[in-house]
Amino acid sequence: METTKKNYVLPIAIMFALFFMIAFVTGLQNPFGVIVKNQFGASDFLSQLGNLANFIAYACMGIPAGYMLSKIGYKKTALLAVVIGFAGVAVTFVSGKAESFGIYLCGAFVSGFSMCMLNTVVNPMLNTLGGGGNRGNQLIQFAGVCNSSAATIVPVLVGYLMGSNEAARSIAKANPALFIAMGIFALAFVVLAVSNIPEPAYESAKTDSKPAAGGKKYSAMSFRHFVLGIVAIFIYVGVEVGIPNISNLYMTQELGIDPAMAGSLVGTYWFLMLVGRLIGGSIAGKVSSKTMLSGVSVIGLCLVLAAIFTAPTNEVMMPVFKSDISFGMLSVPANIMFLVLCGLCTSVMWGGIFNLAVEGLGKFTAAASGIFMVMVCGGGVLPAIQGFIADATSYMTSYWVIVAGLGYLLFYALVGSKNVNKDIPTE
């Protein structure tokens, strides 16, 4: 047993690194929403199209990625994802040179393909290496710390690069962040290429295609808790992304907060996700995914409702993660503080939902992971809906979308996550 654990150290470390990459590249779309709003005169809705393109790629690539995973394995799928990710960031760089909104959207879309493929690899791999159950969730939570580290750095870094001169905000000024992303991809490709990644055994496609006992063919979609789980992940990613993305626009466009300061506040949201995942990873071996998900859903609901009904003129002092990688006290609107604190709640939701949704799926897990990734497109759809509502009404009114989403997540944790299809053969 001890030898097996030692053999898993390197693949676990590589999966953690890939988690970092996913958040770094995905996180670029948050501050870029503010940039393109200035550079191209985009509306709130259009400013979220880069984020939408990034996540809609999941809807296109999720099932093919799951198929690739079962046919060519983890390593080859991850290597191809890294190459595509490098290309996507390179296209974003070109969009800055060409000053083209269309090319920018293409870069976000291509990057999304890569993020989907990487997510399809790392989540089932870590859940498998952790042995499923609470331990599988625990490993995903610890990997989420790496994810949150990157997400914390990106808005702070890009906000710093933009500076206080509104007229000078452009994609080109964010080039250092793009160079970092391309460098990470290049390094990851080399490390992956020379590393030995275990390939968990799945049933062959030929075996899976045979009807099960009684002549009935089953799939991951035959499980009610999985179907409700993919709806939950669609909503969750939209909630996780929508809270900071729209708050960034709200702060810079309506409250007149400097982009660097707004970036620091958004970075604090992601930092709190890091803290939450550290706590979640520490207790996930003893606390069930159901308990964690239901608890943070209730707290998240309370925080968002408080943000909606609190006037921005009420200010409070709170510690903020700054661009010099330090903390300092800052006077901020109380409703912004409530939204930032939501990072503690969204931090553990991903691992909990994934763990609950694939529990008991057995041989259907690989295909389920691909379907799961399709629904990550919610991270683009819900913020776009929020942007549309913000254009029509107000920024804070758009947060009722978040309230509805958190309500569904509470339902899934308490009711929808129960496996009522245990009679389906999974071996």
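Structure above, values below:
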read-out: Flag for Gly407 being crowded, with 24+ Cβ neighbours inside 10 Å and either farther than 26 Å from Asp258 by Cβ or more than 17 Å from the chain's Cα centre (by Cα) (or both); value: no
read-out: Residue, farthest from the chain's Cα centre (by Cα), within the range 293-315, restricted to residues that are assigned to a helix (DSSP H, G or I) and of a type in the set (Gly, Ala, Ser); value: Ala306
read-out: 3 or more residues surrounded by fewer than 20 Cβ atoms within 10 Å (Cβ to Cβ) and of a type in the set (Val, Ile, Thr): qualifying helices (runs of 4 or more DSSP H) within the range 2-101; value: 49-98
read-out: Criterion violated by Gly242 - all others in (1) farther than 18 Å from Ala404 by Cβ; (2) assigned to a helix (DSSP H, G or I); (3) not basic (Lys, Arg) satisfied; value: (1)
read-out: Where Ile257 falls short, out of the listed (1) surrounded by fewer than 18 Cβ atoms within 10 Å (Cβ to Cβ); (2) in a loop (DSSP other than H, G, I, E, B); (3) in contact with a helix residue (DSSP H, G or I) (Cβ under 7 Å, 6 or more places away or on another chain); value: (1)
read-out: Filter result for Gly360 (among the small types (Gly, Ala, Ser) and at negative phi); value: no
read-out: Boolean, Ser164 is in a helix (DSSP H, G or I), among the hydroxyl-bearing types (Ser, Thr, Tyr) and either modelled with pLDDT of 85 or more or surrounded by fewer than 24 Cβ atoms within 10 Å (Cβ to Cβ) (or both); value: no
read-out: Any hit, the range 168-183, residues being among the hydrophobic types (A, V, I, L, M, F, W, C), open to solvent by 70 Å² or more (accessible area, probe 1.4 Å), assigned to a helix (DSSP H, G or I) and modelled with pLDDT under 80; value: no
read-out: Matching option when the condition is touching a residue at least 60 places away in the same chain (Cβ under 8 Å) and in contact with a strand residue (DSSP E or B) (Cβ under 6 Å, 6 or more places away or on another chain), among Leu330, Leu339, Leu410, Leu406; value: Leu330
read-out: Single residue of the range 359-398 satisfying the filter (modelled with pLDDT of 90 or more and of a type in the set (S, T, N, Q)) that is farthest from the chain's Cα centre (by Cα); value: Thr393
read-out: Residue list for the range 280-290, filter: open to solvent by 70 Å² or more (accessible area, probe 1.4 Å), part of a helix (DSSP H, G or I) and in contact (Cβ under 8 Å) with a residue 60 or more places away in the chain; value: Lys290
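This table checks each residue for (1) outside any loop (DSSP other than H, G, I, E, B); (2) closer than 13 Å to Gly238 by Cβ; (3) of a type in the set (Asp, Glu).
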site	(1), (2), (3)
Met329	yes, no, no
Asn335	yes, no, no
Gly351	yes, no, no
Phe354	yes, no, no
Met373	yes, no, no
Gly379	yes, yes, no
Tyr395	no, no, no
Leu406	yes, yes, no
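The values are calculated or read from the model by the stated rules, or taken from the named source; none is laboratory data. The model shown is predicted, which means the values in this text are computed figures rather than measured ones. Positions of Cβ are backbone-derived with ideal geometry, glycine not excepted, and every protein chain shown enters the neighbour counts. For the accessible areas, the whole protein counts, side chains as well, though only heavy atoms, and no ligand, DNA or RNA atoms are used. Shrake-Rupley method; radii C 1.70, N 1.55, O 1.52, S 1.80 Å.
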